[in-house]
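In what follows, a single structure is set out as structure tokens and then discussed.
The values are calculated or read from the model by the stated rules, or taken from the named source; none is laboratory data. Because the structure is predicted, anything quoted here is derived from the model rather than measured. Every residue, glycine as well, gets a Cβ built from its backbone with ideal geometry; the counts of neighbours run over all protein chains shown. Quick note on the areas: whole protein, heavy atoms, side chains included, nothing else; ligands and nucleic acids left out. Shrake-Rupley method; radii C 1.70, N 1.55, O 1.52, S 1.80 Å.
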Amino acid sequence: MNELEWEITQAVSYYNVTALNHDRSRITKELNTVRYNDDRMSVAINHNYTDELRNGASVYSSYWSADASYQYNRHYRFSVL
């Protein structure tokens, strides 16, 4: 498994996890995230990919997700998942 975390700027980051199955000679799991995060707001876009072997057949899933939050003040934070 390989993992990379890169802080592009103080507010923007990129994260990746990749798993390679050597027996099958292919990538079987991958997660990529791009995030913007400052004192008030956080926004992220994620991509997940998995490739599993079930009963000898390759079954995969690939989907996107996002989340966001806004810090209104020190008592309230609004989030969308």
Task: Only one of Y15, Y72 that is out of contact with any strand residue (DSSP E or B) (no Cβ under 6 Å at 6 or more places or on another chain) and either surrounded by 11 or more Cβ atoms within 10 Å (Cβ to Cβ) or free of Cβ contacts under 8 Å to residues at least 24 places away in the same chain (or both) - done: Y72
- [ ] Residue by residue through the stretch 37-69, note down the ones that are surrounded by 14 or more Cβ atoms within 10 Å (Cβ to Cβ), over 13 Å from the mean Cα position of the chain (by Cα) and over 30 Å from H22 (Cα atoms).
- [x] N37, S42, A68, S69
Open item on the list: I'd like to verify a number: residues in the stretch 1-12 that are open to solvent by 100 Å² or more (accessible area, probe 1.4 Å), within 16 Å of the chain's Cα centre (by Cα) and either of a type outside the set (D, E) or more than 24 Å from D39 (Cα to Cα) (or both), how many?
Closed with: 4
Task: Counted residues, the stretch 18-29 - those being out of contact with any Asp or Glu (no Cβ under 9 Å at 6 or more places or on another chain) and not hydroxyl-bearing (S, T, Y) - done: 3
Task: Residues of the stretch 22-36 satisfying the condition of being open to solvent by 80 Å² or more (accessible area, probe 1.4 Å) and polar (S, T, N, Q) - done: S25
